[in-house]
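Novice: Okay, handing you the structure first.
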Amino acid sequence: MLEKLEKCVESGEKMGARFVEARFDDLILRTLQRVNDVWKDIVLRSRIGIGVVCYHGGASGYSFTPSDDERELEKAVNRAVKVAKASAKVASLKLDFDRRPPVKSQESDTFPLKIHPRSEDLSYKTDLVNRAIDTAREFGIGISNIRGMYGELYGRKLFTNSEGSVIDWNFEVIELGCRVTSKTESGDLVNATGEAGGTMGLELFKTKGSTPEDIGKEAGSCAKEQLKAKACPAGRFRTLIENELAGVLAHESFGHLSEGDSVVVGESPLAGKIGTRLGTDQATIVDYGTPNISEYGGLWVPYDDQGTRSNETTILDKGMLKHYLHNRGTAHYLKQEPTGNCRAVNFGFIPIPRMTNTYFAPGELTKEEALELLNTGVYAIQASGGQVGEDGSFLFKATRGYWVQNGRIKEPIREVSLSGNILNLLSRVEGATKDLRISAGYFGGCGKNGQFLLPCGLGGPELVIDEVVFGGSASEE
Amino acid sequence: MMYENLKDELLSTVDSGLKYARTVDNEAEFELYLFYQNRAVVNITQGVVEASEGIVKGNAVRVASQNSVSFASSSGISIDRIRRSVSEAMASLRSVSIKDERFSGFCTPEKPGREGAFTREILDLSKEELIDYAGCVVKEGQEFDRRIKTVGSECSAEWGGFAVGNTQGLQQSSRSALNSCEVYCIAVNGEERRASYEFDTTRERLINTGGLGKKAAQRAISLLGAKKLSATTVLPTIWEPRAASAYILFSLGQSVRGEHVVEGRSPIADKVGEEIASPKLTITDNGQNPSGINTEAIDAEGHPQKKTTIIDRGELSQFLFDTYYARIHNSESTGNCSRRARATTSYETSPFIRPKNLEVKPGSKNLDSLIATTDEQAILIADAPLGLRHSNVSTGEFSAVAQNVFLVENGDKKWPLQPVSVSGNFYIGFKQLLNIGGDLTKTVFAVETPTLVFDGFSVVG
């Protein structure tokens, strides 16, 4: 296959492209989903294809094909070159980049898994789901719907370019999850989830806190607790957000604004603000493709889809904006180093600046000290979605939470939404706990420019923040 | 492949694929889905140009044997890739004994519906023309006002089709073509940044890009000078069509889906025939609207697409089904089986139920009249609020941030507001629907709706 990719590069250059990248994905995606007692999905997807980027006159052209037939590849290269040339005629903001020494990957760039998903048969995986569901049933009451899900994505990613780089590694991610919907006495439905995943082998589901039983227990018992939970009042409150929610905040509201493509065109409110204080000393945000997974969890992304080795990039350093997340063109334009953040969701798309693992750095507080610092407000737990606007406005959902009074956890509250503007919020981060956790998995993912569900890791410690807007029920004034 | 012979070529491959599948297991049931799409996309933002052009091809196979069902897909539609999918699906089926007692066969053949409106001009759109369109739209937005700092436009053209066959004897296909222009503008004044967008997506004519950039810029500028609401209260909210469409799609558009009804996730599962909304409200899902962007002759399992009334003058009349869930529910399929829309890997998604083109029956008042009839204070929401899509279908509770929002006072539209958090319960909202406008508008969500006015939602700003 490498020879075919190299031929694509050669053909593209002969057709007049200044620089060519060719990549091959050969990925397996398996999804198992059981709803109540019925197996809803037993799915296996083979995602095989080749993508070619041609650069010409400061613009790029992209094409792709699922076929490795040489005539099809030639056509794809031809399309990419023509698109690049047509684009170059109207490109007034050129994103050229300098040539660099070739990058060669090593076998050790693939994360070592103890029990690779392909080494176990399907019944091993259905058993994981069954065990999670059985345990959730044991711990839940009033269950109207229960869903267990297992997913695995693994396979080869091969890359070459005009510099002669050869990058050959395996992408790997797994996840096991359980979601319980229970009905209250008044007929309302409440939800709770349990999940574990990331770039790990199936040994993950043998470790404490991530066994199918642990996952099922969390979903079942939290749904049970939600039956008695009250709606969160609407208004502005102090809050303690737990690790996953901190990650959603880092990713959705800040990470996207730091992506180089939105910075170079002035779309991001972070454009031109390098060196500016945006947050408190407690606010440090990092993007890192190869974090210490065994200690913190996360996703292993040693190279991006433009052949750049992934970096540990401190975007926000103790409140100061330090760096953006780049592809080679945006890095060159903004006179920063490439960060290894140019990723595509699959071979049908051109790689664009995206995140890898984005998280708040840990602080010094213990959990007890964080609750004490919070004093009175909302302890918001687990993320169930979020969205962000171009101006930094955001809205995130926490699956559940607690009302905290004088540093003590009082009553549970139902699904809550947190909203605000990230640039204001960062200046109200008062403290962070010591424990860093990074979440990643097979289900869900990041969406941008039509490229949906790119696996990303996100996380942080628990953060104490003042004056967060909570949606909920307001009394009529 | 050419548009003219696309159906024949796909159906011929479906036939070959099914013949092969029968040689693997002549007692199992098979379904084969093939997808083919030509797609060109041009994105210009402030002079940065990115463009792509390619052909998306993929296949998906479902196999059923003794009440077990499995799914496998693969990129490409060559017979080798189809064989791969058949082999993977069979391997899954043979390696575990997982029964779905509710499964009672794939879709049976029926006469297909009609394909949607079509113009050859979309097939002939070149990438150079798409680049021109996007460039002109960006220029128009940039030149409108010096406070417009960023303008981006994406223009795309796509055409293709899909075919489905199964061992029940069904072999059907459908084709469509679509072109689209989206533009967004960001207006900046000091530290204040406000964004807005416009679009034209159509299958029956070439995109009309003239004025789109100006309109988006105008809208973004109108949002500058926003004041704080400075209140936590309950107020009437006026949802303009783009906001209302999100409300409809993420509430009823979810809870009427057969899988949510059957699996116990829909709170309106047992309410057919009951009044669940104001008698002013009638909603249909029209998979046969010629100009609807999701209109096809057949759905994703080969059943004819149809028009289904969901809410009739406030009364819940029908849910949306595919064959599988319809049979469990003792109902008929409404032709709503879907795979992921307009994504490069839509064939990878196992079938699920989705509305095709939702339509809300309009009232008679225009937006100004609706505003004029509002007593005291209200909030005008001009665009889809952030976070609405993450609402909970089971509870109906939602909380969203409305960014393009204005204060209405004593019947007048006053000034733009800084983002306002709006929350409540979708289903209670439908009962508290105060008014429906006459300004029927197509939106990006494949929902055609006028302005909707609700009472009783909490607002924080």
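Readers should treat all values here as calculations from the given coordinates under stated rules, not as data from a laboratory. All figures in this text were calculated on a predicted structure; none of them were measured in a lab. So basically every Cβ, Gly included, is an ideal-geometry build from the backbone, and we count neighbours across all protein chains shown.
Novice: Under 1.5 on a/c is rounded, so check that first for chain A, then, if it is not, pick prolate when a/b is larger than b/c and oblate when it is not; a ≥ b ≥ c are the square roots of the alpha carbon gyration tensor eigenvalues.
Specialist: oblate
Novice: Could you tell me the largest-minus-smallest coordinate of the C-alpha atoms of the protein assembly as shown on each of the three principal axes, in descending order and whole angstroms?
Specialist: 69, 64, 60
Novice: Near the amide H of A:F19, under 5 Å away, which other amide H atoms are found, from residues 5 or more places off or on another chain, if H is placed in the peptide plane?
Specialist: Distant-sequence amide H within range of A:F19: A:Y55.
Novice: Once Lys and Arg get +1 and Asp and Glu get -1 on their Cβ, which of B:W159, B:F144, B:S173 lies farthest toward the positive end of the dipole of region B:133-174?
Specialist: Going by the charge dipole, the pick is B:F144.
Novice: With a sphere of radius 13 Å drawn around the Cβ of A:K434, what net charge do the other residues whose Cβ falls strictly inside it have (Lys, Arg +1; Asp, Glu -1)?
Specialist: Result for the neighbourhood of A:K434: -4.
Novice: What is the sum of charges, Lys and Arg at +1 and Asp and Glu at -1, for the other residues whose Cβ falls under 13 Å from the Cβ of A:G460?
Specialist: Result for the local shell: -4.
Novice: Under unit Cβ charges (Lys, Arg +1; Asp, Glu -1), what dipole magnitude, rounded to 20 debye, does region A:68-223 have relative to its Cα centre?
Specialist: It comes to approximately 700 debye.
Novice: Please turn the phi angles of region B:299-315 into ³J(HN,Hα) values with the Karplus equation 6.51 cos²θ - 1.76 cosθ + 1.60 (θ = phi - 60°), one per residue in order, whole Hz, x for glycine and proline.
Specialist: These are the phi-based 3J(HN,Hα) values: 8, 6, 10, x, 7, x, 6, 9, 10, 10, 7, 8, 10, 10, 6, x, 9 Hz.
Novice: Using the beta-carbon distance between B:Q432 and B:A372 and R0 = 22 Å, what value does 1/(1 + (r/R0)^6) give for FRET efficiency, to the nearest 0.05?
Specialist: Between B:Q432 and B:A372 the formula returns 0.65.
Novice: So what are the radius of gyration and Dmax for the Cα set of region A:340-441, in Å?
Specialist: 16.6, 53
Novice: Roughly how big is region A:235-471's charge dipole about its Cα centre, with Cβ charges of +1 (Lys, Arg) and -1 (Asp, Glu), in debye to the nearest 20?
Specialist: In debye, rounded to 20, region A:235-471 gives about 200.
Novice: Right, something else. Run the dipole for the protein assembly as shown about the Cα centre, Lys and Arg Cβ at +1, Asp and Glu Cβ at -1, nothing else charged, and hand back the magnitude in debye, nearest 20.
Specialist: The calculated dipole for the protein assembly as shown is roughly 580 debye.
Novice: On C-alpha positions alone, give me the angle between the axis of helix A:212-226 and the longest principal axis of chain A, in degrees, nearest 10.
Specialist: 50 degrees
Novice: Here's something else I'd like to know. Choose one of B:G335, A:S46, A:H332: the residue whose Cα lies farthest towards the positive end of the charge dipole of the protein assembly as shown (beta-carbon charges +1 Lys, Arg; -1 Asp, Glu; about the Cα centre).
Specialist: Checked the options; the winner is A:H332.
Novice: Counting other Cβ atoms within 10 Å, keep those with at most 11, restrict to DSSP loop, and tell me which GluC sites (Glu not before Pro) in region B:177-267 are left.
Specialist: Sparse-neighbourhood loop GluC sites (Glu not before Pro): B:E191.
Novice: Here is a follow-up. Cβ neighbours within 10 Å, averaged per peptide: list B:15-24, A:238-247 in order, most packed at the top.
Specialist: A:238-247, B:15-24
Novice: Also: Let me know the shape class of region B:318-368, please: from the alpha-carbon gyration tensor, a ≥ b ≥ c as square roots of the eigenvalues, rounded when a/c is under 1.5, otherwise prolate if a/b is greater than b/c, or oblate.
Specialist: It comes out oblate by the Cα gyration axes.
Novice: Quick one: 3J(HN,Hα) in Hz for region B:100-106, Karplus 6.51/-1.76/1.60 with θ = phi - 60°, rounded, Gly and Pro as x.
Specialist: My calculation for region B:100-106 gives 10, 4, 7, 6, 9, x, 6 Hz in order.
Novice: Give, in nm to one decimal, the length gained when the segment between B:K111 and B:S12 is fully stretched (0.36 nm per residue of separation minus the Cα-Cα distance).
Specialist: 33.8 nm
Novice: Oh, and also: Looking at region A:68-155, which trypsin sites (Lys or Arg not before Pro) are DSSP coil and have at most 12 other C-beta atoms within 10 Å of their C-beta?
Specialist: Filter output for region A:68-155: A:R99, A:K114.
Novice: Sort A:K367, B:K365 so the one with the fewest other Cβ atoms within 10 Å of its own Cβ comes first.
Specialist: Ranked by crowding around the Cβ, least crowded first: A:K367, B:K365.
Novice: Rounded to the nearest Å, what's the spacing between the alpha carbon centres of region A:15-84 and region A:249-317? Just the number, please.
Specialist: 26 Å
Novice: Using only Cα atoms and rounding to the nearest 10 degrees, what angle (0 to 90) does helix B:79-95 make with the longest principal axis of chain B?
Specialist: 90 degrees
Novice: Still on this structure: I'd like the Karplus ³J(HN,Hα) series for region A:343-348: coefficients 6.51, -1.76, 1.60, θ = phi - 60°, whole numbers in Hz, and an x wherever there's a Gly or Pro.
Specialist: 10, 10, 6, 6, 5, x
Novice: Another one. Taking Cα pairs under 8 Å and at least six residues apart, what relative contact order does chain A come out at, in percent?
Specialist: 16 percent
Novice: Next question. In nm, to one decimal, how far is the modelled label at A:D121 from the one at B:R205, with both set 7 Å along Cα→Cβ?
Specialist: 6.2 nm
Novice: Compute the Cα gyration tensor for region B:35-99, then decide on rounded, prolate or oblate, letting a ≥ b ≥ c be the square roots of its eigenvalues: rounded whenever a/c is under 1.5, prolate when a/b is larger than b/c in the other cases, and oblate in all that remain.
Specialist: prolate
Novice: Please compute the modelled spin-label separation between A:E372 and A:T184, points set 7 Å along Cα→Cβ, answer in nm with one decimal.
Specialist: About 3.5 nm separates the two model spin labels.
Novice: Can you give me the angle between helix A:122-139 and the longest principal axis of chain A, using Cα atoms only, in degrees from 0 to 90, rounded to the nearest 10?
Specialist: Helix A:122-139 sits roughly 20 degrees off the main axis of chain A.
Novice: Right, next: Could you pull out every residue, at least 5 positions away or on a different chain, whose amide H is within less than 5 Å of the one on A:R414? Hs are placed 1.01 Å off N in the peptide plane, and Pro or chain starts have none.
Specialist: Here A:K230, A:A231, A:C232 satisfy the definition.
Novice: For region A:1-72, what does the relative contact order come out to in percent, with C-alpha contacts under 8 Å and a separation of six or more?
Specialist: Across region A:1-72, relative contact order equals 28 percent.
Novice: Report the one residue of A:T211, A:G279, A:L371 whose Cα lies farthest in the direction of the positive end of the charge dipole of chain A (charges on C-beta: Lys and Arg +1, Asp and Glu -1; origin at the Cα centre).
Specialist: About the Cα centre, the residue reaching furthest to the positive side is A:G279.
Novice: Let me ask another. So who's got an amide H within less than 5 Å of the one on B:N435, skipping anything under 5 residues away but keeping other chains? H placed 1.01 Å off N, in plane.
Specialist: Amide H neighbours of B:N435: B:V453.
Novice: For region B:10-64, what ratio Rg/Rh do Cα atoms give with a Kirkwood hydrodynamic radius?
Specialist: Rounded to two decimals, Rg over Rh is 1.31.
Novice: Between Rg and the Kirkwood Rh of chain B, both from Cα atoms, what is the Rg to Rh ratio?
Specialist: 1.00
Novice: Let me ask something additional. Below 13 angstrom from the Cβ of B:S97, what's the summed charge of the other residues (Lys, Arg +1; Asp, Glu -1)?
Specialist: Its environment carries a net charge of -2.
Novice: Quickly work out the B:K19-to-B:E409 label distance, labels modelled 7 Å from Cα along the C-beta direction, and quote it in nm with one decimal.
Specialist: 7.6 nm
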